Amino acid sequence: MEEVSTGAVVPAVVKPSPETPKRSPSPAAAAAAALSRAEKEAGVERWDELDKDFLCPICMQMIKDAFLTACGHSFCYMCIVTHLRHKSDCPCCSQPLTIHNLFPNFLLDKLLKKASAQQISKTASPVEHLRHSLQQGCEVSIKELDTLLLLLTEKKRKMEQEEAERNMQILMTFLHCLRKQKVDELNEVQTDLQFIKEDVTAVERHRMELYRARDRYSVKLRMLGDDSSVRKPWPSSIDKNTSELSSGSLNARKGLATWNLQNKKVDGKSQVISHGLQRKDALSGSDSQFINQSSSSVARKKRVHAQFNDLQECYLQKRRQLANKPHNQQEKDKNIIPREGYNAGLADFQSVLSTFTQYSRLRVIAELRNGDLFHSANIVSSIEFDRDDELFATAGVSRCIKVFDFSTVVNEPANMHYPVVEMSTRSKLSCLSWNNFDKNYIASSDYEGIVTVWDVNTRQSVMEYEEHEKRAWSVDFSRTAPSMLVSGSDDYKVKVWCTKHEASVINIDMKANICCVKYNPGSSDYIAVGSADHQIHYYDLRNISHPVHVFSGHRKAVSYVKFLSNNELASASTDSTLRLWDVKENLPVRTFRGHTNEKNFVGLTVNSEYIACGSETNEVFVYHKEISRPVTRHRFGSPDLDDADDDMASYFISAVCWKSDSPTMLTANSQGTIKVLVLVA
């Protein structure tokens, strides 16, 4: 068998077959063949040399309309005439030359035409040869023309057929691909419809159970109400009978007993009437409560229709991912009523739907001015709750850390709330972080690159780290290791510190400015680093030679990173987007759009369900982690009404912080105004 090769084949010696021996050529024939090859090669070389000689020395193209000079050089007529307009010498030998010393070179023109014809014959297609022959007047008979036309017609038909087959093949390929795509879509829709059918059946069954349970409770309440109304008159009758049996003089007391019985009956009737009025009042109260519940239900349904596409995508995504996973009642959210037969995806979506439709707006419950009357710069760069959500601290460009009592701010109306603790610093502050174990400790980073650990009780610094060479933008205490904290700076360095040491214990050199750092809440071994290179670098501190993963997707600098859970990471960027990442699977999850953020640090805060951030439009935006568009927003107003229109454009939200998993959060803007906002229906 012959060997087939798709690549270059190595030359090999072919041995003649013994059955048909090959005769060796005679010496004369070999010499003739060698001479013929040599002549051909020499001819090719001669033509190559002639081709070079046919080039005009001025334009380096084939000479057109050749003219000869007195010194013996040939040029294109237009080339040499143009040259002589500026100079009066030969371009080749520099001898004096004028236009009167130019003569037509007819021999060279003839040779050029012959060379051009030979060149065309080498490269021309058969059709061009035929056209050239017919144009030269080649004699062809009618029979030969008929044969030629027949061949051309058959060739044309064959080519048209092949072209049609190719087009049909392309069309068939497209249709097959389209059919496969639509079949896949149909299967997906049918699967989704089956999911929806199953879920409708399950929800309807559970809803009927709730209705029956409600009816049972209503009957029990009605029976209890009836029993209480009937039992109240009976003690008077029993007393009457007892008095009659125990009376020694029956006739003397008969009239008194009869009078008492009549009075008791009247009292019983009045009690029944009174109880009926109470029941009527209770029913009217329940009717008003039902009206309130109905209006709330209508409002929640409106929110569902407003975000229907996003909710639909969320439902289908969860239902497909958890299609065959049964609902584990022990792991579900407290908002979910555990029901047998619920699919895990449906239960998960019900949790999303209930939390998403639960709130519709932000309401202000307290407001205070953090600004200093003696400083025009009042930007609050950071605002953070302590471990127990009892105190919150603010810091910014006013070079001061202020600690407020949250309950005092919320419950005591006052135009000016005073901090319970105030600590002055040497430089403007960029970030704060409370210690999760010792609530008296708080860390700060400033514009000089200094990372400081403060004791709130003594109002003194415990540790100062001055290794950063430029402004430090971010600092964060570990939630699992109380003595560890991390910082990032404009000097391209991430440093890990230990409060038991005076110097950094880990240094990571990056290739761009560090805008934010954050410990994973479940482990002190992992940190997320947001950088000006538009990326998030996720590091394992046990091996800092390279990151575990680099999350790419933002188009500008990453200004904040926050963990919603051990596996969920949210990031903010000056490309006016928030993004959610899965650090376990190293995958992007969702992108949130709606706010405006192109140059400033506007704050980012998260809890288990919601993400909130500021905007350069002086608004606070709240997103549900499963929905890409905002749930609600709140716009800060200017207290100075006369200058509101002029100044509002220059203000922006600068810091935000959730109060753990509650619907309450702290917000601050570049004017120094701090508001306590709460999500309400």
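The values are calculated or read from the model by the stated rules, or taken from the named source; none is laboratory data. As the structure is a computational prediction, the values presented were derived from the model and not from experiment. Heads up, the Cβs are rebuilt from the backbone with ideal geometry, glycines too, and the neighbour counts pull from every protein chain shown. Quick note on the areas: whole protein, heavy atoms, side chains included, nothing else; ligands and nucleic acids left out. Shrake-Rupley method; radii C 1.70, N 1.55, O 1.52, S 1.80 Å.
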Checked GLU464, GLU502 against criteria (assigned to a loop (DSSP other than H, G, I, E, B) and either of a type in the set (S, T, N, Q) or open to solvent by 10 Å² or more (accessible area, probe 1.4 Å) (or both)); the one match is GLU502
Checking THR408, THR458, THR452 in turn, the sole residue that is over 25 Å from SER662 (Cβ atoms), of a type in the set (S, T, N, Q) and free of Cβ contacts under 8 Å to residues at least 24 places away in the same chain turns out to be THR458
Among the residues of the stretch 25-45, is there at least one that is assigned to a helix (DSSP H, G or I) and at pLDDT 80 or above?
no
Residues satisfying the stated conditions in the stretch 431-458, i.e. farther than 20 Å from LEU391 by Cβ, surrounded by 21 or more Cβ atoms within 10 Å (Cβ to Cβ) and not hydrophobic (A, V, I, L, M, F, W, C)
ASP446, GLY449
Taking the options GLN317, GLN358, name whichever one is modelled with pLDDT under 90 and either under 30 Å from ASN187 (Cα atoms) or buried (at least 22 other Cβ atoms within 10 Å of the Cβ) (or both).
GLN317
If PHE174 passes every condition in (1) free of Cβ contacts under 8 Å to residues at least 40 places away in the same chain; (2) under 30 Å from GLY345 (Cα atoms) but one, which one does it miss?
(2)
Count, please, the residues in the stretch 141-183 that happen to be farther than 30 Å from LEU316 by Cα and surrounded by 10 or more Cβ atoms within 10 Å (Cβ to Cβ).
30
Do we have any residue at all in the stretch 91-106 that's in a helix (DSSP H, G or I), in contact with a strand residue (DSSP E or B) (Cβ under 8 Å, 6 or more places away or on another chain), open to solvent by less than 100 Å² (accessible area, probe 1.4 Å) and closer than 19 Å to ALA66 by Cα?
yes
Counting residues that are closer than 24 Å to ILE508 by Cβ, which strands (runs of 3 or more DSSP E) fully inside the stretch 542-643 reach at least 1?
549-552, 558-563, 568-573, 577-582, 587-593, 604-606
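To keep it simple, each residue is scored yes or no on (1) within 29 Å of the chain's Cα centre (by Cα); (2) open to solvent by 20 Å² or more (accessible area, probe 1.4 Å).
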{"position": "GLN460", "(1), (2)": "no, yes"}
{"position": "ARG471", "(1), (2)": "yes, yes"}
{"position": "ASP476", "(1), (2)": "yes, no"}
{"position": "TYR492", "(1), (2)": "yes, yes"}
{"position": "ILE514", "(1), (2)": "yes, no"}
Among residues belonging to the stretch 516-533 that are more than 11 Å from VAL494 (Cβ to Cβ) and out of contact with any Asp or Glu (no Cβ under 8 Å at 6 or more places or on another chain), point out the one that is surrounded by the most Cβ atoms within 10 Å (Cβ to Cβ).
ASN520
Among the numbered criteria (1) over 30 Å from ARG319 (Cα atoms); (2) of a type outside the set (Val, Ile, Thr); (3) at pLDDT 85 or above, which single criterion is violated by LEU186?
(1)
Name the single residue, out of those in the stretch 321-335 being assigned to a helix (DSSP H, G or I) and open to solvent by 100 Å² or more (accessible area, probe 1.4 Å), that is modelled with the highest pLDDT.
GLN321
Answer yes or no as to whether ILE80 is in a helix (DSSP H, G or I), open to solvent by less than 60 Å² (accessible area, probe 1.4 Å) and β-branched (Val, Ile, Thr).
yes
Hits in the stretch 189-204 (condition: open to solvent by 90 Å² or more (accessible area, probe 1.4 Å) and more than 19 Å from ASP348 (Cβ to Cβ)):
GLN190, LEU193
Unique residue being touching a Lys or Arg at 6+ places or on another chain (Cβ under 6 Å) and open to solvent by 10 Å² or more (accessible area, probe 1.4 Å) when the list is ASN586, ASN543, ASN567
ASN567
Check THR617 against each of (1) within 13 Å of the chain's Cα centre (by Cα); (2) surrounded by fewer than 22 Cβ atoms within 10 Å (Cβ to Cβ); (3) of a type in the set (Val, Ile, Thr) and name the one condition it does not meet.
(1)
